[in-house]
Amino acid sequence: MSQPVYDIPVRRIDGEETSIGAYRGKVVLVVNVASACGLTPQYEGLEKLYEEKQADGLVVAGFPANEFGAQEPGTNEEIAAFCTSKFSVKFPMFEKIVVKGPSQHPLYQRLIEEQPQAQEKPGSDFRAKLAGYGIKQDNPTDVLWNFEKFLISKDGKVVGRFAPDTTTDDALLKDAIERELRAPG
């Protein structure tokens, strides 16, 4: 078994070394984000969720990635400026990483190992939508697109994975977050 998700080193967008373990005892929603995607407006909902639930123990963790349509071409500094100026993002942002393919970051290797398939909201088939644009997955466990979400419990277990079009307003995600926030820590 690979190392626990808490022990995998990551860097904040300002270059500071840390790990998801810095949020031990909290519920963490890990999201691969992009600045030039049709789903980029999800930043607004993610920030609202963070502001509403931070006091209850929720952390939203944004990981910029450029594997999907080159929709995150900027530097870490440009991404940070964009998130702050366009969406007033206050939730923790991390350095741009690779979320699929041969150079996949160890964090995403671990997240996918624990949750190989994303749940989709009822009535949505994001995989089919992508196929309609000629975009197919190389591996069925790969992250589908920008804004896929992984939910980590207070004790560091990956307890949920949600398709990119599952927004913070969707009951599927809201209920999962609430369940984890209520769980004993």
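Checking V60, V10, V28 one by one, the residue that is crowded, with 19+ Cβ neighbours inside 10 Å, in a strand (DSSP E or B) and out of contact with any Phe, Trp or Tyr (no Cβ under 7 Å at 6 or more places or on another chain) is V28 and no other. Scanning segment 127-170 for residues that are within 19 Å of D56 (Cβ to Cβ) and either among the basic types (K, R) or without any contact (Cβ under 8 Å) to a residue 12 or more places away in the chain (or both) yields a total of 3.
For segment 149-185, enumerate the residues that are within 17 Å of I20 (Cα to Cα) and assigned to a loop (DSSP other than H, G, I, E, B). Listed by number, the residues that qualify are S153, K154, D155, G156, K157, G185.
The residues on offer are L46, L58, and the sole one that is under 18 Å from D165 (Cβ atoms) and of a type outside the set (S, T, N, Q) is L46. Within segment 153-167, the only residue that satisfies the criterion of being more than 21 Å from A34 (Cα to Cα), among the hydrophobic types (A, V, I, L, M, F, W, C) and in contact with a helix residue (DSSP H, G or I) (Cβ under 6 Å, 6 or more places away or on another chain) is V158. If you check S19 against the conditions, is it polar (S, T, N, Q) and touching an Asp or Glu at 6+ places or on another chain (Cβ under 9 Å)? Taking the combined requirement at face value, the residue satisfies it. With the condition kept exactly as written, say whether any residue in segment 115-127 is under 25 Å from S19 (Cα atoms) and touching a helix residue (DSSP H, G or I) at 6+ places or on another chain (Cβ under 6 Å). Within segment 115-127, not a single residue is under 25 Å from S19 (Cα atoms) and touching a helix residue (DSSP H, G or I) at 6+ places or on another chain (Cβ under 6 Å).
Summed over segment 86-128, residues that are more than 23 Å from S35 (Cα to Cα), in contact with a strand residue (DSSP E or B) (Cβ under 7 Å, 6 or more places away or on another chain) and at pLDDT 95 or above total 2.
The values are calculated or read from the model by the stated rules, or taken from the named source; none is laboratory data. Given the structure is predicted, the values throughout are model-derived calculations rather than measurements. Note: ideal-geometry Cβ built from the backbone for every residue, glycine included; neighbour counts use all protein chains shown.
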